[in-house]
Amino acid sequence: FYNCNFETERPLIRNILEVSTMFSAGRHSCVRSLALLKRLKSTLVIVEHNNEKLAPVTLNTVTAATKIGGEISCLVLGSQCSKVAVEVSKIKGVSKVLVADNEAFIGFLPEVVTPFLEATQKQLKFTHILASATAIGKNILPRLAAKLDVSPISEIIGVQDDSTFVRTIYAGNAIQTLKSNEPVKIVTVRGTAFEAAELGGNAATENLTSEVVKSQLSEYVGQELSKSDRPELTSAKAVVAGGRGMKSGENFKILYELADKLNAAVGASRAAVDAGFVPNDMQVGQTGKIVAPDLYIAIGISGAIQHLAGMKDSKVIVAINKDPEAPIFQVADYGLVEDLFKAVPQITQLITKK
């Protein structure tokens, strides 16, 4: 207990002493002591939302948190986000919902969010802090890790225990098992690797009072989001994706027609994005979005390793390419060697008839 603040750490010290006493009391107390140690673990999940509705990927992150064990708290940062807090309180496995409602959180600026998270961690002392491996999570948690002087753990796909995690490396070609000895584990979670947590909980809600400091370096002005009636790419059950073989953005029209028949999202390879065929929010791959739908149809995509890293966990992969040597066929469950401009309209027509 050297250099310890006994006033703020009194509950933790009391629990540690109780555990020590149980172990020294003999074998029959070990079960109780291990249960108490489990209770000492506490995980904070950063909730993603748009102030109106919870982002589905948060449910996957909560599932990862349950595998760590211990108490799970969810933090809702936003402006007029009470609806989201109610949604989160109904997630099974969540013990408490922490709410920080302040207009400074509009836009989720990392320069505002990170200091607030740092202050919250110093006050509540979680053993684990988790966020989804999205643009928001990847922007916030590495900054928080730097502030707390710990190493972050990126994009995990599995949890072995409270300090051992599984993640992919080398564009998904190798699996790494990583053990962390950091006092607080800062972790981003790949949503497609975990099932969504179920609803039916009834967690308590608590408002946080930590000071919110507005950034002097950046200001949220607004955002323009692409609007589509199709499912969101990362949560869609079916995805139709096009590559360089589409030859132009105008030709993506045949993919949109097929996708609409399948109620599918539309994605693209980096080559198609770099060529200017489609916007970059449609990119699937290592430097784009990671997807794992029930059905992934790759059309005119050769299958570069970076693209495969973003979609190879799909349950069924269908590839259409006129090149029989295209690497995409090595991971495809079904392959069609054919000119896509003939094959895709025919497939769409067959689906329409059925």
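Every number in this text was worked out from the coordinates using simple rules, so none of it is lab data. Computed from a predicted structure; not experimentally measured. Counting neighbours? That spans all protein chains shown, and the Cβs are built from the backbone with ideal geometry, glycine included.
Principal axes first, then extents: for the Cα atoms of the stretch 41-207, list largest minus smallest coordinate on each axis, whole Å, largest first.
Principal axes ranked by extent give 43, 34, 28 Å for the Cα atoms.
Can you give me the three principal axis dimensions of the stretch 238-353 from its C-alpha atoms, in Å, biggest first?
Per principal axis, max minus min of the Cα coordinates gives 37, 28, 26 Å.
Treat the stretch 149-246 as a sphere of radius equal to its Kirkwood radius over Cα pairs and apply Stokes-Einstein at 37 °C in a medium of 0.692 mPa s; give the translational diffusion coefficient in µm²/s, rounded to a whole number.
Using the Kirkwood radius from Cα pairs, D works out to 177 µm²/s.
Summarise the long-distance tail of P(r) for the chain by giving the % of C-alpha pairs beyond 25 Å. Mind dumping the intermediate values first?
Details: 36940 of 62481 pairs.
In whole percent, the long-distance tail amounts to 59.
Determine the percent antiparallel among the DSSP beta bridges restricted to the chain, to the nearest 5.
Details: 12 of 56 bridges.
The antiparallel fraction comes to roughly 20 percent.
Over 31 Å between C-alpha atoms is what I'm after, so list which of 90/261; 147/312; 96/147 land there. Don't jump to the answer; show the numbers that get you there.
Working: 90/261 34 Å; 147/312 35 Å; 96/147 25 Å.
In this structure, 90/261; 147/312 exceed 31 Å between Cα atoms.
Could you please rank 344, 221, placing first whichever residue has the fewest other Cβ atoms within 10 Å of its Cβ?
Values: 344 24, 221 6.
By the 10 Å Cβ count, ascending, the order reads 221, 344.
To the nearest Å, what is the center-to-center distance of the stretch 249-264 and the stretch 306-354, using C-alpha atoms only?
Each part's Cα centre sits 14 Å from the other's.
Which net charge results when you count Lys and Arg as +1 and Asp and Glu as -1 among the other residues whose beta-carbon is under 9 Å from that of residue 264?
After counting each charged neighbour, the total is +2.
Order 138-146, 160-168 from most to least packed using the mean count of other Cβ atoms within 10 Å. Write out the running numbers ahead of the final one.
Working: 138-146: 19.1, 160-168: 16.8.
Ranked by mean Cβ neighbours within 10 Å, highest first: 138-146, 160-168.
If you take all C-alpha pairs in the stretch 202-250, what percent of them are over 12 Å apart?
Details: 977 of 1176 pairs.
Of the Cα pairs, 83 percent sit more than 12 Å apart.
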